[in-house]
Amino acid sequence: MTAMVEVSGARKVYDGGFEALKGVDLEIRKGEILALLGPNGAGKTTLISVICGLAMPSGGTIRVGGHDVVADFREARSLIGLVPQEVSLEPFEKVINTVRFSRGLFGKRRDDALIEDLLRRLSLWDKRDEPIRALSGGMKRRVLIAKALSHEPAVLFLDEPTAGVDVELRRDMWEIVEDLRRRGTTIILTTHYIEEAEAIADRIGVINGGEILLVEETDSLMARMGHKTLRVELDSPVDTLPPGLEGRGLTLEEGGRVIVYEYDSAAERSGIARLMADMTQAGLVVRDIETRKDSLEDIFVGLVKKQETAA
Ligand SMILES: Nc1ncnc2c1ncn2[C@@H]1O[C@H](COP(=O)(O)OP(=O)(O)OP(=O)(O)O)[C@@H](O)[C@H]1O
Ligand SMILES: [Mg+2]
C-alpha cells in the first residue's frame, strides 16, 4: 500500500512556547478515508495546517505524494485540497467565480465543464450567480468544498465538515466523500462524531494533547470499543433483581425503575433476546427500552485511562 501522506516525528511549537504537536507519526494510504477524532484543542487543525503548509512544523518531516511539504512546498501543495474549519469567503463574490478563481490560483487552466459538474454535485448550481453573503451557513460550507475540489486534488482535507450542519447536509457530505473516494481521492477528515467516523472512514485516528493515541481500522476499533448499554424501564419499580436475572452484571437504577444491561456490540444479539424473555418470565412488565452506544467521549476516556495505566 502506497503512502500518500507521511508524517514522521512532526512537532509544532506555537509562538509563546505552546507545544501543540508532540512528535506525531502518521501514514495515510493512497485512496483511503482517515477520520481524526479528538477533543477541542487536541491538535487536529494544527496537524492539518502543518501538512498543508499553512503552518511551519517545528520539527519532523512531512511528505505528501513523496514531496516534502517544506522543501517542495509547491509540488506538495498542488496535490492538496483543504476545506478549513472556519468559513473564509469573500462575501460579495459570486459563487461560480469564487470556485473558478480558486482553480486559477493553482495555475490550472479554466475548465467550465468541471466547475459546472462540481457545483451540480454539491447542489450549488442554482445558486451559482448569488453572492456568497446571500447563502446559508450550510451552503457556504458547500462552496468551501467546491473551492477545495476545484483544482482536482489527490488529497482532500476536511476540517470538521459537518460541525453545526443539519442532518440532511451531513448525509450529503457523506455521499460527496464516498463519491470522491470512488474517484480515487485520499481523504482526511476531522470530526467530533464517532458515528460519522464509523460511517465513512476506513481508519480512525485518535489524537489528544498533541499526540496520536491510536490509528486503527474502523471495523476493528468499533468491535473493540463498541460498548453498548441497554436501559429497560419497568412499569413498576422492583427492590431487587428477581431470581433468574442474577449473575449477568445487570444493575438497578432510578429507584428500581430501570434495569441497565451493558454489553459489547460485537457480541451476539441473542443476549438481549434472552434477557427480554427472562424478564417476561420473571413477571416484569416493560414500559420502554432504550439502547445507547458509547460516545466518542466514553471511548476517549477509556483510551486515555489505558494510556495512563500503561505509562
Ligand atoms: N496560532 C496559535 N497560537 C498559539 N496556540 C495555538 C494556535 N493555534 C492553536 N493553538 C493551540 O494549539 C492547541 C491545538 O489547537 P488546534 O486548533 O489544533 O485543536 P483542534 O484539535 O483542531 O481543536 P477543535 O476541535 O477545537 O478544532 C490548542 O491548545 C490551541 O489553543
Ligand atoms: Mg480544529
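Table: residues versus (1) within 30 Å of residue 213 (Cα to Cα); (2) assigned by TED's automatic domain parsing to the domain that holds residue 213; (3) at pLDDT 85 or above.
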| residue | (1), (2), (3) |
| --- | --- |
| 244 | no, no, no |
| 248 | no, no, no |
| 257 | no, no, yes |
| 280 | no, no, yes |
| 308 | yes, no, no |
Worksheet item: Are any residues in region 73-111 closer than 18 Å to residue 28 by Cα and not in a helix (DSSP H, G or I), and if so, which ones?
Response: 79, 80, 81, 82, 83
Discussion item. Can you tell me which residue is nearest to ligand 1 (Cβ to nearest atom) among those in region 47-64 that are part of a helix (DSSP H, G or I) and surrounded by fewer than 23 Cβ atoms within 10 Å (Cβ to Cβ)?
Written reply: 49
Worksheet entry | Every pair of residues 6+ apart whose Cβ atoms lie under 7 Å, when the first sits in region 159-172 and is on the phi > 0 side of the Ramachandran plot while the second is open to solvent by less than 20 Å² (accessible area, probe 1.4 Å) and not in a helix (DSSP H, G or I) | 160/190; 160/191
Response to the item:
Pairing a residue in region 74-89 that is more than 16 Å from residue 189 (Cβ to Cβ) with any residue that is open to solvent by 50 Å² or more (accessible area, probe 1.4 Å), where Cβ atoms lie under 7 Å and the two sit 6 or more apart in sequence or on different chains, gives 75/67; 76/67; 78/106; 87/140; 89/140
Discussion item. Restricting to region 11-25, name every residue that is under 18 Å from residue 69 (Cβ atoms) and more than 16 Å from ligand 2 (Cβ to nearest atom).
Written reply: 11, 13, 23, 25
Worksheet entry | Residue count, region 170-198 (criterion: open to solvent by less than 60 Å² (accessible area, probe 1.4 Å), away from ligand 1 (no atom under 16 Å from the Cβ) and under 28 Å from residue 8 (Cβ atoms)) | 6
Worksheet item: Since residue 262 meets every condition but one in (1) in a loop (DSSP other than H, G, I, E, B); (2) in contact with a strand residue (DSSP E or B) (Cβ under 9 Å, 6 or more places away or on another chain); (3) without any contact (Cβ under 8 Å) to a residue 40 or more places away in the chain, which condition does it not meet?
Response: (1)
Fill in: Which listed residue is under 30 Å from residue 112 (Cβ atoms), open to solvent by 10 Å² or more (accessible area, probe 1.4 Å) and within 15 Å of ligand 2 (Cβ to nearest atom), from 82, 89
82
Worksheet item: Listed residues 77, 110, 128; which is under 22 Å from residue 160 (Cα atoms), assigned by TED's automatic domain parsing to the domain that holds residue 45 and basic (Lys, Arg)?
Response: 77
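Is it the case, given these coordinates, that residue 115 is in contact with a helix residue (DSSP H, G or I) (Cβ under 6 Å, 6 or more places away or on another chain) and not in a loop (DSSP other than H, G, I, E, B)?
Yes.
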Worksheet, complete the sentence: Filtering region 186-224 down to residues that are over 16 Å from the mean Cα position of the chain (by Cα) and not charged (D, E, K, R) yields 209, 210, 220, 223
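Out of 223, 154, 201, I need the residue that is small (Gly, Ala, Ser) and buried (at least 21 other Cβ atoms within 10 Å of the Cβ). Which one?
None of the other options fit; the residue is 201.
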Worksheet item: With respect to residue 70, is the statement that it is more than 14 Å from ligand 2 (Cβ to nearest atom), part of a loop (DSSP other than H, G, I, E, B) and not small (Gly, Ala, Ser) true?
Response: yes
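The values are calculated or read from the model by the stated rules, or taken from the named source; none is laboratory data. Keep in mind that what you see is a predicted model, and the values were worked out from it rather than measured. Positions of Cβ are generated from backbone atoms using ideal geometry, with glycine treated the same way; all protein chains shown enter the neighbour counts. Please note that ligands, DNA and RNA were not included when accessible areas were found on the heavy atoms of the full protein model with its side chains. Shrake-Rupley method; radii C 1.70, N 1.55, O 1.52, S 1.80 Å.
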